[in-house]
1. Restricting the search to segment 105-134, which residues are open to solvent by less than 40 Å² (accessible area, probe 1.4 Å), out of contact with any strand residue (DSSP E or B) (no Cβ under 8 Å at 6 or more places or on another chain) and either under 30 Å from S249 (Cβ atoms) or among the hydrophobic types (A, V, I, L, M, F, W, C) (or both)?
2. Given the conditions (1) under 23 Å from P226 (Cα atoms); (2) open to solvent by 10 Å² or more (accessible area, probe 1.4 Å); (3) in contact (Cβ under 8 Å) with a residue 40 or more places away in the chain, and given that A673 satisfies all but one, which numbered condition is not satisfied?
3. Pairs only if they're at least six apart or on different chains, beta carbon under 9 angstrom, first in segment 562-582 and under 29 Å from P442 (Cβ atoms) and in a helix (DSSP H, G or I), second open to solvent by 40 Å² or more (accessible area, probe 1.4 Å) and among the small types (G, A, S); list them, first residue then second.
4. Would you say K165 is in a helix (DSSP H, G or I), free of Cβ contacts under 8 Å to residues at least 40 places away in the same chain and basic (K, R)?
5. Test F455 against the stated conditions and say whether it is at pLDDT below 85, crowded, with 20+ Cβ neighbours inside 10 Å and more than 21 Å from A77 (Cα to Cα).
6. Tell me, yes or no, whether segment 340-353 has at least one residue that is modelled with pLDDT under 85 and either open to solvent by less than 10 Å² (accessible area, probe 1.4 Å) or over 14 Å from the mean Cα position of the chain (by Cα) (or both).
7. Being open to solvent by less than 60 Å² (accessible area, probe 1.4 Å) and touching a residue at least 12 places away in the same chain (Cβ under 8 Å) is the filter; apply it to segment 31-47 and report the residue that is nearest to the chain's Cα centre (by Cα).
8. Of all residues in segment 428-465, count the ones that are among the small types (G, A, S) and either assigned to a loop (DSSP other than H, G, I, E, B) or under 28 Å from the mean Cα position of the chain (by Cα) (or both).
Amino acid sequence: MQIRDTTQRASADQSPVEGSARDRGALDRLARACYQRRWTVLIAWVVLLVGTTVLSNNFAGQSSSSFDIQGSNFQNAQDLLTEAGKGFAGSRGQVVIAADSGIKDPVVQAKVEQLLTKIAAVEGVATVVSPYDLANPRAASQISKDGQIAFADINFSSTDQEQLKPPAESIKTLVAAAGSDNLEVELSGFMFQVREPPGATEGIGILAAIIILLLSFGSVLAMGLPIMTALFGIGIGLAGVGLLANVMSMPDFASQLAAMIGIGVGIDYALFIVTRYRNALHEGRSPEESVALAIRTSGKAVLFAGCTVVISLLGMFLIGIDFLNGLATGASLAVLITMLASVTLLPAVLGFVGHKIDSLALPWAKKSTTSERNIWFRWSRVIQRRPWTMATIGLIILVGLALPVFSIRLGSSDAGNLPTTDTTRRSYDLISQGFGPGTNGPFVIAIEAPAGATFGQLQKISTSIAADPGVASASPAFAISGKISDLARSATTNGQTPDPAAFANLVLPDRTIAQIVVTPTTSPQDEKTVELFTRLKDDIIPSATAGTEVRAYVGGVTSAFEELSTVLQDRLPIFIGAVLALSFLLLMCVFRSVMVPLKAVIMNLLSIGAAYGILVLVFQKGVTFGLDVGREGPIESFVPLMMFAIIFGLSMDYEVFLLSRVKEEYDRTGDNATAVADGLSHTARVITAAAAIMVCVFGSFIFGEGRVIKEFGLGLAVAVLIDATIVRMILVPATMELLGDANWWLPKWLDRLIPRISIEGEPDDFVPTPPSEPEERELVGAGAPG
């Protein structure tokens with residue numbers, strides 16, 4: 001009698017198949033625990049969100065754009081300038097002045113000198129180098145030939161972005177009050193750039209995701225679950241990025257990148273799980289068993305794909321540059337949090353939803369999806385009838401899009417790409433007009449001379465540099481440390497301009513550090529400026545210092561980014577090779593095949609190459625397709641690296657989701673063609689919806705202000721679009737048809753050697769159970785995804 005009562009209680013909440021439920025692994029237990037203790041789980045996540053947000057608001061670290069490249073010209077120059085003392089190694093900005101009546105108009109000069117005096121008194125400002133200062137040996141070069149434009153250098157005592165914010169805001173306030181009808185005052189330097197407010201582009205992506213989810217699910221409630229999961233994930237992830245800035249270098253756009261990725265993967269991961277949950281309900285399972293089924297199947301695929309993204313991103317630690325480590329960690333944290341939310345928070349919330357998942361249904365929700373499934377099945381059959389033709393078409397498209405990548409130029413864009421509403425863009429234009437575009441990104445040559453060297457040896461470096469056709473001007477060598485610097489300063493204090501010839505034979509009494517400011521004829525992002533940098537460090541300076549113990553290094557912001565580009569180009573093959581090898585091994589363990597992972601690696605490379613090609617066309621070649629991306633210029637040197645890590649990880653998501661269903665059908669039927677068609681028909685709709693969401697989320701960042709984020713947004717959106725259409729819907733079924741049973745070939749010795757990684761459910765997870773309750777029978781036609 002006792003046994004009979006227990007059975008009756010069990011059947012009240014379970015379908016007949018579930019009466020003999022058994023332990024199906026850790027994920028099954030996790031899902032059931034979150035379902036049964038849903039209030040506890042929900043409250044824990046809310047506390048975590050609120051707690052991390054409060055902590056971040058009060059104790060967030062400082063973002064930084066600095067990076068160290070040991071042994072590079074830039075780093076050596078920076079170390080020497082740091083050693084020289086205050087005012088030489090900190091960040092540099094400029095006050096740019098334009099006056100129709102002339103810079104030396106007494107009224108204009110009085111206003112500007114008063115402004116510069118106030119700026120010099122701002123805490124955090126080390127020095128202000130005025131064009132009116134007679135003690136300034138460069139004063140004449142800071143006023144344009146027509147006398148209408150001038151600039152003053154502002155040397156800060158720090159390079160840290162957060163420490164620069166207070167003085168930068170104070171200077172902005174002073175400058176805003178100084179302008180008049182006859183006097184235009186602008187500011188140059190990254191610390192003065194207008195920062196886009198958080199959420200300005202993220203909102204567009206989320207709105208697009210809402211629309212796509214409504215079209216996919218046909219239910220307001222079902223739509224809200226992925227959005228809620230993503231918002232929890234990115235909220236906690238962004239707070240974590242702020243806190244991590246206390247212990248590692250975090251660029252100022254790290255939070256935007258983390259938000260972009262967090263929103264995309266958070267919604268996608270939840271979409272896969274909610275779709276599986278609804279299908280399980282429609283098959284007649286109870287809510288608890290449906291949650292457990294969704295987590296141990298789709299949830300397992302989510303964990304696998306998410307971990308792959310995290311591993312790919314953390315692989316950037318192989319590059320060994322601090323700010324890249326910060327970007328990788330921030331993006332990985334966002335993915336990790338959204339992944340955990342998908343397999344813990346989402347099951348708990350589904351416990352509250354139960355059978356009401358299709359509540360608040362839209363008019364089309366009752367529409368049958370049979371025809372939609374047949375469309376994808378028929379599409380697969382069309383490809384299978386002409387596999388060579390379809391595969392050739394797909395390859396031609398991908399290779400054609402990827403061709404521009406062979407002319408890719410890595411570097412860094414300049415302020416000329418910013419909108420004219422930004423003061424730094426207006427100052428850039430004024431500087432270019434008055435002094436030439438190269439003045440916006442001068443090189444700073446840092447010189448180290450031992451005691452016993454002559455000042456003439458230092459001056460020879462300046463003379464040699466000035467003779468290069470790519471140089472607009474090169475200042476005399478000016479000592480900034482050592483006894484010779486005291487002599488030079490004494491001369492300038494007395495109103496004299498130091499004559500380099502007068503010091504030519506002067507023997508330096510002690511170790512001296514000097515600097516030369518070199519102005520190129522071309523803008524910082526121009527390819528000719530890169531060529532000049534190469535000549536300076538490889539030819540001109542070595543020749544000028546030959547036979548002496550004098551050492552000179554090329555510094556400045558332009559130098560920094562060119563050095564970074566060189567390092568990344570050298571180390572990128574190592575990183576790509578490591579990610580490819582890991583991906584191949586993981587997929588081989590999952591699908592017990594050699595050809596499946598080999599095809600995946602090749603196709604992912606083609607889709608990423610195509611995305612790179614589009615970036616080159618739009619940002620480097622200027623084929624903008626109507627997009628507002630600024631002037632043509634180089635691709636930011638770290639963007640291809642980050643894109644590769646992100647896209648290769650995300651593409652595993654679609655790969656696993658599609659091929660795991662194909663493999664399941666193949667194991668059941670032994671018919672490769674039918675397995676491919678059935679696998680595509682069961683997954684195409686969800687993959688299409690998930691890809692559309694990511695394309696919209698990533699694509700929304702194209703409308704932001706920062707060029708770096710625009711590049712990430714366009715590149716990621718194009719890569720996902722190509723991967724989910726040409727690759728998954730054309731190349732995968734075509735090549736799998738061509739290979740036939742060879743798709744699943746694995747040598748027996750290798751089968752015994754490699755571990756088994758299962759991301760599929762139990763066999764009965766995929767067997768529809770006839771609905772046994774009236775409420776469940778009504779769900780069968782309620783708009784289940786195809």
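1. V122
2. In the conditions (1) under 23 Å from P226 (Cα atoms); (2) open to solvent by 10 Å² or more (accessible area, probe 1.4 Å); (3) in contact (Cβ under 8 Å) with a residue 40 or more places away in the chain, A673 misses (1) alone.
3. Once the first residue is under 29 Å from P442 (Cβ atoms) and in a helix (DSSP H, G or I) and sits in segment 562-582, its partners that are open to solvent by 40 Å² or more (accessible area, probe 1.4 Å) and among the small types (G, A, S) give V567/G320; R571/G320.
4. Details: in a helix (DSSP H, G or I): yes; free of Cβ contacts under 8 Å to residues at least 40 places away in the same chain: yes; basic (K, R): yes.
Yes, satisfied.
5. Values: at pLDDT below 85: yes; crowded, with 20+ Cβ neighbours inside 10 Å: yes; more than 21 Å from A77 (Cα to Cα): no.
So F455 does not fit the description; no.
6. To start, the set of residues in segment 340-353 that are modelled with pLDDT under 85 comprises none.
No.
7. W45
8. Residues of segment 428-465 among the small types (G, A, S): 432, 434, 436, 438, 441, 446, 449, 451-453, 456, 462, 464.
If we keep only those that are either assigned to a loop (DSSP other than H, G, I, E, B) or under 28 Å from the mean Cα position of the chain (by Cα) (or both) too, we end up with 436, 441, 451-453.
Residues that pass the stated criteria total 5.
The values are calculated or read from the model by the stated rules, or taken from the named source; none is laboratory data. Computed from a prediction, not measured in an experiment: that's the story for all the values here. Heads up, the Cβs are rebuilt from the backbone with ideal geometry, glycines too, and the neighbour counts pull from every protein chain shown. Keep in mind that these areas ignore ligands, DNA and RNA; they rest on the heavy atoms of the full protein, side chains included. Shrake-Rupley method; radii C 1.70, N 1.55, O 1.52, S 1.80 Å.
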